[in-house]
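The values are calculated or read from the model by the stated rules, or taken from the named source; none is laboratory data. Given the structure is predicted, the values throughout are model-derived calculations rather than measurements. Counting neighbours? That spans all protein chains shown, and the Cβs are built from the backbone with ideal geometry, glycine included.
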Amino acid sequence: MLVWSRTGRAGAWGVLALLFGVVYGVPLVMIALASIAGQWNGALPSHLSLGHYAEALDGDSAAQLRVSIVTGAVASAVAMFLGSWAALALRNLRPAPRRLFDMVFFLPSAVPSVSVGLGLLVAFSRQPLLLNGTTLIVIIAHFVLISAFTYGNVSAGLSRLPPEFELVAASLGARPGYRLRRVTLPLLTPYLIAAFSLSFAMSMGEVGATIMVYPPGWVTLPVGIFALTDRGEVFAGAALTMLLAITTLIVLLGLSRIPTKAVTRQG
């Protein structure tokens, strides 16, 4: 740290904890309280119950949660596959064209998600490729928004891999496909898991592009939360928000428990 004294370090950690609590902790506590509130006319809610959670686990809300999980999983898997393939294909490219392709991949993350949704809606609302009103256009929207982060994670992982492993395998006569399967991908596994986790988390919370393109039969949970709060049902929307956060956290914790060959060999 740049602060050397014990008192200074304690003060820096105190300021950090205060900022973290104000920016993250207070909103989360307020949402958690609202999710169990029956009324909120004073400083704290009253008539506390878990009724909003019971309603969230039944009917449309449960279906919206399943839609969010499926959309996030499919879009993240496709983004991880194509982003990894692109990162592997471009890693030995010269710097100038490499920067150009990097810019192309990161461009969707530089524009508002609503603009991405509107662009897809306009592009695929007529023949010869009519996707408006289909589930596929929602998955494409999520893929476009998360693919840059997958590509960036895998590219960063490739830049950190020691080249000696692949060189030794090549000197022993291993073909490129064998080196990819048995050397490169096992070493990249931690970065692939991280890329999928980040993509899934972003997909689970995406609402801007989704609300522009979703069909009536494929409503994600963030869109459902937006609809509830727009109608003034804030407590029900808070319960769904907590359910979305808990589900995402459980999936991410599960992904973090996946063993990787690279980590096992280091241990």
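Considering only the range 28-48, I want to know if a residue exists there that is in the same structural domain as Leu221 (by TED's automatic domain parsing), under 26 Å from the mean Cα position of the chain (by Cα), free of Cβ contacts under 8 Å to residues at least 60 places away in the same chain and within 20 Å of Ile246 (Cβ to Cβ). Scanning the range 28-48, I find no residue that is in the same structural domain as Leu221 (by TED's automatic domain parsing), under 26 Å from the mean Cα position of the chain (by Cα), free of Cβ contacts under 8 Å to residues at least 60 places away in the same chain and within 20 Å of Ile246 (Cβ to Cβ), so the answer is no.
Here are some residues: Ala75, Ala63, Ala12, Ala56. Which one is closer than 30 Å to Gly152 by Cα, surrounded by 12 or more Cβ atoms within 10 Å (Cβ to Cβ) and of a type outside the set (D, E, K, R)?
Of Ala75, Ala63, Ala12, Ala56, the one residue that is closer than 30 Å to Gly152 by Cα, surrounded by 12 or more Cβ atoms within 10 Å (Cβ to Cβ) and of a type outside the set (D, E, K, R) is Ala75.
Evaluating Ser155 against the criteria (1) of a type outside the set (A, V, I, L, M); (2) at pLDDT 90 or above; (3) touching a Lys or Arg at 6+ places or on another chain (Cβ under 8 Å) leaves one unmet condition, (2).
Rundown of residues vs (1) in contact (Cβ under 8 Å) with a residue 24 or more places away in the chain; (2) in a helix (DSSP H, G or I); (3) aliphatic (A, V, I, L, M), yes/no style:
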position: Val70; (1), (2), (3): no, yes, yes
position: Val78; (1), (2), (3): yes, yes, yes
position: Gly83; (1), (2), (3): yes, yes, no
position: Ala86; (1), (2), (3): yes, yes, yes
position: Ala89; (1), (2), (3): no, yes, yes
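Taken over the range 210-224, residues that are in a helix (DSSP H, G or I), touching a Ser or Thr at 6+ places or on another chain (Cβ under 6 Å) and either among the β-branched types (Val, Ile, Thr) or not assigned by TED's automatic domain parsing to the domain that holds Asn153 (or both) amount to 2.
Results for (1) in contact (Cβ under 8 Å) with a residue 40 or more places away in the chain; (2) buried (at least 21 other Cβ atoms within 10 Å of the Cβ), shown as yes or no for each residue.
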position: Arg182; (1), (2): no, no
position: Leu185; (1), (2): no, no
position: Ala194; (1), (2): yes, no
position: Leu221; (1), (2): yes, yes
position: Arg231; (1), (2): no, no
position: Ala236; (1), (2): yes, yes
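In the list Ile146, Ile139, Ile211, Ile225, which residue meets the criterion of being more than 30 Å from Glu55 (Cα to Cα), β-branched (Val, Ile, Thr) and surrounded by 15 or more Cβ atoms within 10 Å (Cβ to Cβ)? Of Ile146, Ile139, Ile211, Ile225, the one residue that is more than 30 Å from Glu55 (Cα to Cα), β-branched (Val, Ile, Thr) and surrounded by 15 or more Cβ atoms within 10 Å (Cβ to Cβ) is Ile146.
Quick check on the range 16-37. Is at least one of its residues exposed (fewer than 12 other Cβ atoms within 10 Å of the Cβ) and polar (S, T, N, Q)? For the range 16-37, residues exposed (fewer than 12 other Cβ atoms within 10 Å of the Cβ) and polar (S, T, N, Q): absent.
When the test is whether a residue is small (Gly, Ala, Ser), buried (at least 18 other Cβ atoms within 10 Å of the Cβ) and out of contact with any Phe, Trp or Tyr (no Cβ under 7 Å at 6 or more places or on another chain), Ser203 passes it.
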